[in-house]
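Asks: My structure is below; once you've seen it, I'll send some questions.
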């Protein structure tokens with residue numbers, strides 16, 4: 001019998017993906033339906049609804065759901081849900097009762113029966129952004145937030161740029177977006193990962209959310225979890241990030257190398273999930289916990305500034321929010337996956353090993369800490385990374401990635417230069 | 001409101017210690033009572049019953065309790081209890097109904113109303129030893145066990161050397177054995193420690209059981225717990241150990257030094273408890289968890305060979321037993337404090353820090369591991385301890401202790417030599 005946590009919502013895994021003949025038939029039908037273009041974010045949400053990652057969701061949200069999620073952290077029926085999952089469009093010709101095909105870059109990802117169509121005014125979108133992306137820290141006062149959010153917050157920009165209407169209704173998903181082919185053995189549906197966890201006999205399973213390369217600070221988070229759980233899943237985002245971030249194609253082999261050389265393989269699994277980042281900080285940490293529950297993990301490691309961007313959230317808001325969300329006592333409605341809260345981690349020379357602000361009493365001068373910006377610069381220009389920051393084998397792979405970027409730029413510049421000579 | 005775990009047994013802290021005028025009066029009365037000599041183990045048990053460390057116990061065990069504890073891990077009334085707490089004597093003149101004074105080295109520790117007197121035959125004592133001290137590993141086959149236990153197992157020797165009779169009955173405790181004076185600020189009653197934990201607002205509190213000096217492997221155990229709990233209590237045995245072990249007078253200042261230099265003080269407390277070691281391995285790990293519950297801790301760190309001696313127990317039997325004990329579902333009967341199971345820990349050169357068998361994939365040659373025997377030898381003869389094994393500041397204190405022992409021996413030998421000349 002499985003020892004794993006039950007999927008969210010009390011209905012088992014709710015998967016809207018069609019396969020085989022059913023999928024073929026639906027694709028044929030879709031060819032004759034009205035096409036609605038979807039955003040990359042909606043594409044990720046669709047795949048998650050397809051494979052059960054968003055259980056119990058099988059539809060884009062109604063206005064009542066949207067409002068309740070923003071306001072109360074629950075769907076209209078009282079089931080916990082932290083962020084809107086909505087389908088937006090500018091196409092006013094779509095009507096309630098229509099069946100439509102949802103298309104991204106010429107590929108049909110789903111069909112959908114439209115059960116509700118509603119507009120969100122700019123004021124409503126702003127209200128959503130404040131609820132979802134503003135955080136609760138002192139620095140998040142409305143004026144300050146709006147002064148920078150429209151420029152600097154990718155999640156806010158995405159919501160404010162949404163189409164005029166939202167369409168609600170159940171979906172039939174027809175594609176997993178090429179992820180199974182691009183990340184064989186790493187992309188896993190919830191049912192696949194659950195089978196793997198069951199095979200290992202695990203019950204207490206922690207997820208390490210990753211969207212950046214894995215350095216020793218992340219390795220340490222995973223290793224603390226390995227000590228206190230049956231096992232850990234390094235569960236990387238393989239969907240879309242903001243420009244300049246390191247793509248999953250580079251991150252996944254780095255994790256493979258790290259696991260190979262620095263982990264006991266029995267206690268760790270690498271897997272990836274097909275969602276885009278929303279950069280919703282605390283709210284997104286809750287979403288990360290929710291879909292981990294569907295994937296079979298009952299703990300989510302939440303460190304410093306989880307799912308954050310810039311200075312929009314307090315360092316540990318994403319930990320604190322887990323103590324502030326509504327709890328009904330009904331396991332079919334509540335979030336069951338709990339946070340494993342860990343403080344800022346780093347190598348400390350006096351400690352002679354990895355430590356965190358909870359364990360290390362020493363000074364800044366003893367700690368090996370690099371900002372993401374500084375690290376990127378050092379990797380790009382090939383300078384030495386301070387000792388103990390990362391594993392050499394992984395840093396080498398990242399150096400090669402940055403070198404290849406530079407080559408591409410140089411080739412382009414040369415091409416441009418020789419072009420201008422002609 | 002306190003967030004701490006409730007004391008064991010559902011009756012709050014059950015303390016049999018008298019203080020002030022009540023104590024004076026009882027001491028006067030005791031002077032006129034029949035005196036029964038007690039062992040050092042019984043003295044420790046009495047103090048624990050005095051201060052509430054053994055809640056809900058306020059009496060030495062009846063035969064029914066003794067049998068049920070050995071057989072079923074519960075008192076006769078179904079309350080969880082893992083090891084016998086009995087008062088033995090060879091004095092056949094004591095009768096049921098007597099009031100007696102319990103005396104250790106001329107100090108009256110308690111008075112007791114005798115409610116039951118029962119003999120334990122040698123066969124019954126052997127049965128107890130097999131139940132309590134034998135462990136469950138393959139190496140524990142009866143023959144093998146008895147071939148060595150009478151020679152090499154201090155707990156077995158203690159039980160087999162017990163008096164012919166056990167006396168049951170409620171006690172009034174009159175002394176804390178000088179512990180408050182010897183370990184000011186470290187010796188704490190359960191109520192004292194609970195007050196301190198409440199003051200910090202902690203709810204999830206882990207105990208690190210210690211009876212040896214604290215090296216980096218123990219420091220690492222504590223630091224893992226600091227990462228995942230509200231706080232950690234380094235809770236040392238300040239009672240009696242087997243000959244050759246390092247006394248608490250030396251260990252306590254070593255821990256102070258370690259906490260001062262290598263911990264964040266807010267997250268760690270040092271305290272001591274007045275019990276003797278029984279060396280009952282898995283059974284004693286359960287007792288360690290039980291009285292930690294009374295002291296306000298809901299997690300007990302259980303590492304390798306907890307409360308073991310020689311090769312009597314399997315390396316992780318003391319972890320496994322927590323999954324094998326009876327659970328009624330009634331929190332007033334069950335053990336509530338849970339184990340925080342951590343594997344064998346050590347420094348690993350390739351890991352470049354502390355690690356455990358669950359996190360380190362490297363070889364023996366990369367790990368800094370010393371047996372207790374080897375370490376004692378190195379400290380005694382002043383040779384260099386391998387890098388990363390301990391903290392220099394602590395090792396220095398231990399070197400000084402061993403040097404002082406050698407001096408004492410030399411002084412004695414010189415005295416003996418000059419004596420023989422006369």
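Asks: Could we say that residue A:119 is free of Cβ contacts under 8 Å to residues at least 12 places away in the same chain and either surrounded by fewer than 22 Cβ atoms within 10 Å (Cβ to Cβ) or within 16 Å of residue A:314 (Cβ to Cβ) (or both) here? Spell out how you get there, then give the answer.
Replies: On the way: free of Cβ contacts under 8 Å to residues at least 12 places away in the same chain: no; either surrounded by fewer than 22 Cβ atoms within 10 Å (Cβ to Cβ) or within 16 Å of residue A:314 (Cβ to Cβ) (or both): yes.
Against the criterion (free of Cβ contacts under 8 Å to residues at least 12 places away in the same chain and either surrounded by fewer than 22 Cβ atoms within 10 Å (Cβ to Cβ) or within 16 Å of residue A:314 (Cβ to Cβ) (or both)), residue A:119 does not qualify.
Asks: From the list B:252, B:173, B:226, B:186, exactly one residue is within 14 Å of another protein chain (Cβ to nearest Cβ) and in contact with a strand residue (DSSP E or B) (Cβ under 9 Å, 6 or more places away or on another chain). Which is it? Give the steps one after another, and end with the answer.
Replies: Values: B:252 fails: within 14 Å of another protein chain (Cβ to nearest Cβ); B:173 fails: within 14 Å of another protein chain (Cβ to nearest Cβ); B:186 fails: within 14 Å of another protein chain (Cβ to nearest Cβ).
Going through B:252, B:173, B:226, B:186 in turn, just one is within 14 Å of another protein chain (Cβ to nearest Cβ) and in contact with a strand residue (DSSP E or B) (Cβ under 9 Å, 6 or more places away or on another chain): B:226.
Asks: Further, regarding this structure: Among B:54, B:80, which is under 30 Å from residue B:282 (Cβ atoms), modelled with pLDDT of 95 or more and in contact with a strand residue (DSSP E or B) (Cβ under 7 Å, 6 or more places away or on another chain)? Let's see the steps before the verdict.
Replies: Values: B:54 fails: in contact with a strand residue (DSSP E or B) (Cβ under 7 Å, 6 or more places away or on another chain).
Checking each option against the conditions leaves just B:80.
Asks: Please tell me if residue B:92 is over 20 Å from the mean Cα position of the chain (by Cα) and under 22 Å from residue B:287 (Cα atoms). Spell out how you get there, then give the answer.
Replies: Values: over 20 Å from the mean Cα position of the chain (by Cα): yes; under 22 Å from residue B:287 (Cα atoms): no.
Against the criterion (over 20 Å from the mean Cα position of the chain (by Cα) and under 22 Å from residue B:287 (Cα atoms)), residue B:92 does not qualify.
Asks: Please verify whether the stretch B:95-108 includes one or more residues that are crowded, with 18+ Cβ neighbours inside 10 Å, touching a residue at least 40 places away in the same chain (Cβ under 8 Å) and over 24 Å from the mean Cα position of the chain (by Cα).
Replies: Yes: one or more hits.
Asks: On to the next question. Residue A:293 passes all but one of (1) over 30 Å from residue B:392 (Cα atoms); (2) modelled with pLDDT of 95 or more; (3) within 14 Å of chain B (Cβ to nearest Cβ); which number fails?
Replies: (3)
Asks: Of all residues being out of contact with any helix residue (DSSP H, G or I) (no Cβ under 8 Å at 6 or more places or on another chain) and in a loop (DSSP other than H, G, I, E, B) in the stretch B:386-402, which is farthest from the other protein chains (Cβ to nearest Cβ)? Just the residue, please. Break it down stepwise before answering.
Replies: Step one: filter the stretch B:386-402 for residues out of contact with any helix residue (DSSP H, G or I) (no Cβ under 8 Å at 6 or more places or on another chain), giving B:386-387, B:392, B:396, B:400.
Pick out the ones that are also in a loop (DSSP other than H, G, I, E, B) and you get B:386-387.
Numbers: B:386: 13, B:387: 9 Å.
Here the residue is B:386.
Asks: Considering only the stretch A:331-369, how many residues are within 30 Å of residue A:55 (Cβ to Cβ) and free of Cβ contacts under 8 Å to residues at least 60 places away in the same chain?
Replies: Residues of the stretch A:331-369 within 30 Å of residue A:55 (Cβ to Cβ): A:331-342.
With the extra rule that they be free of Cβ contacts under 8 Å to residues at least 60 places away in the same chain, the set shrinks to A:338-339, A:341.
So the answer is 3.
Asks: So which of B:364, B:412 is surrounded by fewer than 18 Cβ atoms within 10 Å (Cβ to Cβ) and modelled with pLDDT of 95 or more? Please lay out each step first, then the result.
Replies: Values: B:412 fails: modelled with pLDDT of 95 or more.
On inspection, the qualifying residue turns out to be B:364.
Asks: In this structure, is residue B:232 in the same structural domain as residue B:294 (by TED's automatic domain parsing), in contact (Cβ under 8 Å) with a residue 24 or more places away in the chain and farther than 27 Å from residue B:373 by Cα? Spell out how you get there, then give the answer.
Replies: Values: in the same structural domain as residue B:294 (by TED's automatic domain parsing): yes; in contact (Cβ under 8 Å) with a residue 24 or more places away in the chain: yes; farther than 27 Å from residue B:373 by Cα: yes.
Answer is yes for this residue.
Asks: Return the residue satisfying two criteria in turn: it lies in the stretch B:195-215 and is within 24 Å of residue B:399 (Cβ to Cβ) and touching a strand residue (DSSP E or B) at 6+ places or on another chain (Cβ under 6 Å), and of such residues it is nearest to the other protein chains (Cβ to nearest Cβ).
Replies: Here the residue is B:208.
Asks: Taking the stretch B:354-369, which residues are touching a strand residue (DSSP E or B) at 6+ places or on another chain (Cβ under 8 Å) and either closer than 14 Å to residue A:259 by Cβ or at the interface with chain A (Cβ under 9 Å from one of its Cβ atoms) (or both)? If you could, list the steps in order and put the result at the bottom.
Replies: Narrowing the stretch B:354-369 to residues touching a strand residue (DSSP E or B) at 6+ places or on another chain (Cβ under 8 Å): B:354-356, B:360, B:362, B:366-369.
Those that are touching a strand residue (DSSP E or B) at 6+ places or on another chain (Cβ under 8 Å) and either closer than 14 Å to residue A:259 by Cβ or at the interface with chain A (Cβ under 9 Å from one of its Cβ atoms) (or both): B:354, B:355, B:356, B:360, B:362.
Asks: Of all residues in the stretch B:257-285, count the ones that are without any contact (Cβ under 8 Å) to a residue 24 or more places away in the chain and more than 14 Å from chain A (Cβ to nearest Cβ).
Replies: Residues in the stretch B:257-285 being without any contact (Cβ under 8 Å) to a residue 24 or more places away in the chain and more than 14 Å from chain A (Cβ to nearest Cβ): 0 in total.
Asks: Can you work out which of the residues in the stretch A:370-385 that are in contact (Cβ under 8 Å) with a residue 24 or more places away in the chain and surrounded by fewer than 16 Cβ atoms within 10 Å (Cβ to Cβ) is nearest to the other protein chains (Cβ to nearest Cβ)?
Replies: Per the stated criteria, the residue is A:372.
Asks: Could you tell me how many of the residues in the stretch B:323-349 are within 14 Å of chain A (Cβ to nearest Cβ), in contact with a helix residue (DSSP H, G or I) (Cβ under 9 Å, 6 or more places away or on another chain) and under 22 Å from residue B:9 (Cα atoms)?
Replies: Initially, the stretch B:323-349 is screened for residues within 14 Å of chain A (Cβ to nearest Cβ), giving B:323, B:338-349.
Checking the rest, the ones that are also in contact with a helix residue (DSSP H, G or I) (Cβ under 9 Å, 6 or more places away or on another chain) come to B:338-349.
With under 22 Å from residue B:9 (Cα atoms) added as a condition, the list becomes B:338-340.
Adding up the residues that qualify gives 3.
Asks: So residue B:192 fits all but one of (1) free of Cβ contacts under 8 Å to residues at least 60 places away in the same chain; (2) within 14 Å of chain A (Cβ to nearest Cβ); (3) surrounded by fewer than 22 Cβ atoms within 10 Å (Cβ to Cβ); what number is the exception?
Replies: (2)
The values are calculated or read from the model by the stated rules, or taken from the named source; none is laboratory data. Just so it is clear, the structure is predicted and the values come from calculations on it, not from any experiment. All Cβ positions, glycine included, derive from the backbone under ideal geometry; neighbour counts span all protein chains shown.
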